Amino acid sequence: MKIIVTGASGFLGREVCLAAQRRGHEVLALGGSRAPVVPGVAQARAFDLCSEAALEALVLEEFPHAVVHCAAFPTIEACQADPARAQVLNAEVPKKLAQLCFHLGAKLVHLSTDTVFDGVAGSYQHTDHPKPLNLYGETKAAAEVEVLRYGREHAAVLRTSPIIGNSVSGDRGLHERLFVSWKEGRPTSLFTDEIRQPVEVSNLADVTIELCERNNLSGLYHWAGTEAMSRHEIGVRIARHFGLDADSLVRPITRADVPAAAARPRDLSLKLHPLAGKLRTQPQSFADQLAQLRVPRGTENWYEQATGRKVVRRLEKGIDF
């Protein structure tokens with residue numbers, strides 16, 4: 001199967017390329033300003049997805065069996081800084097891809113976000129109606145509608161949660177960002193009353209490729225880990241997993257302590273039914289996710305001093321070769 005992966009220079013997109021290769025597929029990796037560098041991927045190019053004519057020409061020329069669309073303006077801040085481009089990349093590009101994939105009979109797997117919800121109720125089902133609180137959520141919710149309208153039986157929209165895992169740069173995964181702050185002597189203040197349901201990057205990538213392979217699975221789905229926790233609990237469990245002093249590194253705060261937090265969704269926990277019962281890939285507990293994390297590159301000396309533990313660096317496929 002030939003699979004086009006957009007956003008292949010990103011944290012998830014790169015892992016999706018590796019997952020596709022593990023499962024024996026041919027990959028065309030599309031980056032932004034630079035061609036992605038992914039071990040084993042021979043076809044990679046820089047590409048402006050916002051050029052509708054160029055996107056159409058590429059997809060029709062390559063004639064893929066599937067497209068996994070990971071590219072996006074991925075944060076609230078990025079969307080606020082350039083709302084016009086956020087609208088194009090987050091909403092218009094997925095719509096165009098859905099139209100093209102429908103024309104070709106190709107599968108489209110579009111990555112969406114838990115941020116389409118307002119966070120009031122929590123435990124959201126895939127049938128619950130989105131109520132975004134910010135431009136990022138609005139553009140992603142709009143994309144869901146367009147993808148399913150034009151994609152019909154050829155598209156799957158996958159809402160997901162904050163991603164943890166090991167990145168090449170050592171600063172893209174949740175635990176990696178925490179380590180960078182801790183190394184610089186900055187304890188992290190995390191909300192005790194803001195709920196998220198993290199997912200490990202390689203697990204999420206495997207799900208996207210399995211959806212490409214399963215023509216009978218289309219529509220709107222949720223995927224995350226099995227445990228919903230406060231941001232504070234997530235930080236504490238990461239610190240303790242690595243033998244660090246969680247009490248000194250992770251400070252509890254509440255949303256009432258930060259006035260701006262009122263504009264953020266409170267509880268974005270997700271129900272994983274029915275997708276979790278249909279796939280070979282299974283959702284992971286947080287303990288299973290933690291077991292896959294390694295000490296981020298560049299923090300080894302600090303970590304050894306803080307814990308007395310020696311860091312043994314093992315070569316990892318996709319990271320080191």
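The values are calculated or read from the model by the stated rules, or taken from the named source; none is laboratory data. No experiment lies behind these values; they were computed from the predicted model shown. Using ideal geometry, Cβ is built from the backbone for each residue, glycine included, and neighbour counts are taken over all protein chains shown.
Computed values, structure above
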read-out: Every residue from the range 180-205 that is in contact with a Leu (Cβ under 9 Å, 6 or more places away or on another chain) and in a helix (DSSP H, G or I); value: Ser181, Trp182, Val201, Ser202, Leu204, Ala205
read-out: Residue in the range 146-153 that is of a type outside the set (Ser, Thr, Tyr), free of Cβ contacts under 8 Å to residues at least 24 places away in the same chain and either in the same structural domain as His69 (by TED's automatic domain parsing) or more than 30 Å from Asn301 (Cβ to Cβ) (or both) present; value: no
read-out: Hey, Ser269 surrounded by fewer than 16 Cβ atoms within 10 Å (Cβ to Cβ), touching a residue at least 60 places away in the same chain (Cβ under 8 Å) and not basic (Lys, Arg) or not; value: no
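Here is a yes/no grid of residues against (1) buried (at least 18 other Cβ atoms within 10 Å of the Cβ); (2) part of a helix (DSSP H, G or I); (3) not hydrophobic (A, V, I, L, M, F, W, C):
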| residue | (1), (2), (3) |
| --- | --- |
| Leu108 | yes, no, no |
| Leu111 | yes, no, no |
| Thr115 | yes, yes, yes |
| Thr127 | no, no, yes |
| Gly137 | yes, yes, yes |
| Lys140 | yes, yes, yes |
| Val145 | no, yes, no |
| Arg149 | no, yes, yes |
| Val157 | yes, no, no |
